[in-house]
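For reference, the structure is listed below as structure tokens.
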């Protein structure tokens, strides 16, 4: 080994790609977020290089998101909505904070993934092993990519529940309604309240994002 291998260039100091063109769109919908979402293989690659466990399987994350959304939708009073279009607007408003966050974090995660690949191509194993600062940055970057993967997966699973919920509403098969006189204080009654109370980002299980195995 050489005595003083050259330091590895910081991972996050320079953006390595122009922001993914789709990310610049103004309509930051759930469908757009799904189009932009990361591939599990890319996430696994970064986590493996940082010595971390593989990412959760997308199927697991979707189940977690679906379970959380089903629980919250039990509080909704469908009698407050005139038609399916009004209900869909309210549901999209409910999801929007988390969707906006996921889109932003996905763009950053894409940059981190590409930057890490460029570093591996431009350096040797010795350089990377000897550079403590780089190893620390690599671990932080892997954690950020993992958290983005988890958030996006849970949103996707939750939105699948919403799609089914809307289809049932349109077909006249109303999903459970809140019983008269027993509605929780936070139960949405109209779109404005959905925005105030239904911040998906604030849901504890969606924000308590950890690394894990598939």
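The values are calculated or read from the model by the stated rules, or taken from the named source; none is laboratory data. Remember, it's a predicted structure, so these values are computed and weren't measured experimentally. Note that we place each Cβ from the backbone using ideal geometry, even for glycine, and neighbour counts take in every protein chain shown.
I'd like to know if the stretch 110-132 contains one or more residues that are modelled with pLDDT under 95 and under 29 Å from residue 69 (Cα atoms). Checked the stretch 110-132: at least one residue is modelled with pLDDT under 95 and under 29 Å from residue 69 (Cα atoms).
Looking at the stretch 147-166, can you tell me whether even one residue there is free of Cβ contacts under 8 Å to residues at least 40 places away in the same chain, closer than 22 Å to residue 28 by Cβ and surrounded by fewer than 17 Cβ atoms within 10 Å (Cβ to Cβ)? Yes - at least one qualifying residue is present in the stretch 147-166. Taking residue 137, is it crowded, with 17+ Cβ neighbours inside 10 Å, part of a helix (DSSP H, G or I) and at pLDDT below 95? So residue 137 fits the description; yes. When residue 54 is tested against (1) at pLDDT 95 or above; (2) closer than 17 Å to residue 145 by Cβ; (3) out of contact with any helix residue (DSSP H, G or I) (no Cβ under 8 Å at 6 or more places or on another chain), only condition (3) is not met. When the residues of the stretch 33-43 are filtered to those that are surrounded by fewer than 16 Cβ atoms within 10 Å (Cβ to Cβ) and part of a helix (DSSP H, G or I), the one that is nearest to the chain's Cα centre (by Cα) is 34.
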